[in-house]
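**Student:** Below is a structure I'd like to ask you about.
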Amino acid sequence: MNHSLHRIPSVALLSVILCLASGCQRHTASSISLFPESGEVSGWTKAPEVRTFPADKLSDYIDGDAEKYLKAGVRSTSTADYKFKDQFQVTVDIYTMSTADGAKTVFESEPAMDAKTPALGDAARLFAQSLIFRKGPYLVRMVAYQDSPEVTQAMVKLGLAVEKKLSP
Amino acid sequence: MKTPEGKTRRDFLKGCALGALAAGAGRYVFATDGKVIPPAAAGAKSKVVVARDPSLYATSPTPDSARVQKLLDQAMQHFFDSPDPISPWKKLVHPGEVVGLKVNTIAGRGLSTHPVLVAAITERLQQAGVKPSNIIVWDRTNEELDRAGFALSNDPNHIRFVGTDSKQIGYDETVFTAGSVHTRLSNLLTRACDCMINLPILKNHEMAGVTLALKNMYGVNNNPDKFHHNNCCPGVADLNLLPPIRNKFRFVVGDAMTACFAGGPDYKPQYSWRYNGLMVASDPVAIDTTAWQIIEKKRAERGLNTLAQAGMPPNYIAVAADPLHGLGTNDPNHIELLEV
């Protein structure tokens, strides 16, 4: 029952087998261009599976949190898991909104607390274990499941690679 | 507003409430001899125990299993005034019953009921005489269980870890109705289990305000997305009136080891903190009221508005406590909060 990074391939395979009827769409890595592939960013490995939830299935992924995205005009959400040098794992969610205002609305709705503001996209917030930024109609959220000195720096590098793939 | 059966909402809720009172269901008081007594008859306050251990995580990203077991025992023994860790479970369940443990896994590995807590509970249940084959750990989907770290298994000879979305399970064909809620419930609840122990996680919820015991039942039915409007009120309260939930609910063991004070219900590390606690109660309204207080306190510490000021008042808690629902008490004067 541990959450070892080594579980990523088996988790992905098992979830594909078990949840074909869950409402989300699953893609092979090659069909998704928004997520950097393994090796594109030094140290980062991407799990093969990308899950995509259309707006009407978003609550299957994030339960009641879906409401604020729906109100802000979310079109779809894609998510993929990454690991960094066998040290920690990160989930990357990319929300595609109808407009840049929609991405801004969600971004601004969350408390900034003590966030740092790296130069990323139109606006970004960096916390100890998470990075959020928006660029045009996209809102990107990264969540790390461990805390270590390398997490923030590595997430920013991955974020820059994601940013390059987002059309304005 | 009339229900499909032609009853007014008030008539319907009154009937449900009377039924709940008649059965003494939904919340129990346990006498020292193990007998279940309705609170009204007992004249007792609703007890909520909050047990905490600041060293629960030590230096690990996951809680220490031995400390979790000890913390669980501490909470249960204080709740039941028991000298040993097995007796509370013997009061809660009978050896022949099929016991469902309803976890909360929608937020993934960062903010879901910890597998180590479930392991501690299943250990004590077995020591209390419940066969492994009579224990079902469940939530709405296999994928969520898997992502939260549970090893899926539907082997009827062992403890089962299974989601309602499994092909051989699904939702009961019966449409249950209470007030604003028209829904189908998991067959795991309606058919497979004789009783349910609720294992929620302490979280903020940007619609409901607070999610612990009552809101965790949104993982029991097939259309929870229909009941999030108006801060999930009266959706949460009405859902908990449904007879299969009301009658099979037995106890709450709330996982507050890692909790969330904002941005919920999904996992956002910047709004989570290690509360290092477990919360136990037989009154789901009383424990949710306590959860509300804990989250408000943390929000104040972090300089955030109250939940009401932030537009997410957990009004469903008061509705759950009203005479028409009668699911428990939200009156602090009638809650005995024991912090250990």
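The values are calculated or read from the model by the stated rules, or taken from the named source; none is laboratory data. Just so we're clear, the structure is a prediction, and the values are computed from it rather than from any experiment. Note that we place each Cβ from the backbone using ideal geometry, even for glycine, and neighbour counts take in every protein chain shown.
**Student:** Looking only at the range B:276-320, count how many residues are acidic (D, E), under 24 Å from B:R246 (Cβ atoms) and outside any loop (DSSP other than H, G, I, E, B).
**Tutor:** Summing the residues that are acidic (D, E), under 24 Å from B:R246 (Cβ atoms) and outside any loop (DSSP other than H, G, I, E, B) in the range B:276-320 gives 1.
**Student:** Could you grab me the full set of residues in the range B:237-275 that are within 11 Å of another protein chain (Cβ to nearest Cβ) and either part of a loop (DSSP other than H, G, I, E, B) or among the aliphatic types (A, V, I, L, M) (or both)?
**Tutor:** Scanning the range B:237-275 gives B:F261, B:A262, B:G263, B:G264, B:P265, B:D266, B:Y267, B:K268.
**Student:** Conditions: (1) within 14 Å of another protein chain (Cβ to nearest Cβ); (2) at pLDDT 95 or above; (3) crowded, with 21+ Cβ neighbours inside 10 Å. A:T105 meets all but one. Number of the miss?
**Tutor:** Condition (3) is where A:T105 drops out.
**Student:** Separate question: Would you confirm whether any residue within the range B:139-153 is more than 14 Å from chain A (Cβ to nearest Cβ) and either over 29 Å from B:Y316 (Cα atoms) or not polar (S, T, N, Q) (or both)?
**Tutor:** Checked against the condition, which is being more than 14 Å from chain A (Cβ to nearest Cβ) and either over 29 Å from B:Y316 (Cα atoms) or not polar (S, T, N, Q) (or both), the range B:139-153 yields no hits at all.
**Student:** Starting from the range B:133-160, take each residue that is over 27 Å from A:Y145 (Cα atoms) and list its partners that are of a type in the set (D, E, K, R), counting only C-beta distances under 6 angstrom and pairs at least six apart or across chains.
**Tutor:** B:I136/B:R160; B:N154/B:R160
**Student:** Looking only at the range B:206-216, filter to residues that are within 13 Å of chain A (Cβ to nearest Cβ) and either part of a helix (DSSP H, G or I) or touching a strand residue (DSSP E or B) at 6+ places or on another chain (Cβ under 6 Å) (or both); which one of those is nearest to B:I294 (Cα to Cα)?
**Tutor:** B:T211
**Student:** To continue, here is another question. Report yes if some residue within the range B:187-205 is in a strand (DSSP E or B), surrounded by fewer than 18 Cβ atoms within 10 Å (Cβ to Cβ), at pLDDT 95 or above and touching a strand residue (DSSP E or B) at 6+ places or on another chain (Cβ under 9 Å); otherwise report no.
**Tutor:** yes
**Student:** Within the range B:119-159, count every residue that is more than 18 Å from B:S65 (Cβ to Cβ), of a type in the set (K, R) and touching a Leu at 6+ places or on another chain (Cβ under 8 Å).
**Tutor:** Going through the range B:119-159 one residue at a time, the tally reaches 0.
**Student:** While we're looking at this one, here's another question. Among the residues of the range B:96-113, which ones are of a type in the set (G, A, S) and within 12 Å of another protein chain (Cβ to nearest Cβ)?
**Tutor:** Once the filter is applied, which keeps residues that are of a type in the set (G, A, S) and within 12 Å of another protein chain (Cβ to nearest Cβ), the range B:96-113 yields B:A107, B:G108, B:G110, B:S112.
**Student:** Among B:T62, B:T122, which is the only one that is within 27 Å of A:M142 (Cβ to Cβ), of a type in the set (S, T, N, Q) and surrounded by fewer than 23 Cβ atoms within 10 Å (Cβ to Cβ)?
**Tutor:** Matching residue, one of B:T62, B:T122: B:T62.
**Student:** Right, next: Can you tell me which residue within the range B:76-113, out of those that are hydrophobic (A, V, I, L, M, F, W, C) and closer than 18 Å to B:S153 by Cα, is farthest from the chain's Cα centre (by Cα)?
**Tutor:** B:V98
**Student:** Here's something else I'd like to know. Quick check, is B:P323 in a loop (DSSP other than H, G, I, E, B) and crowded, with 24+ Cβ neighbours inside 10 Å?
**Tutor:** no
**Student:** With respect to B:E296, determine if the residue is among the charged types (D, E, K, R) and more than 11 Å from chain A (Cβ to nearest Cβ).
**Tutor:** Here the answer is yes, as B:E296 does meet what is asked.
**Student:** If you take the residues of the range B:114-138 that are assigned to a helix (DSSP H, G or I) and more than 18 Å from the chain's Cα centre (by Cα), which of them is nearest to the other protein chains (Cβ to nearest Cβ)?
**Tutor:** B:E123
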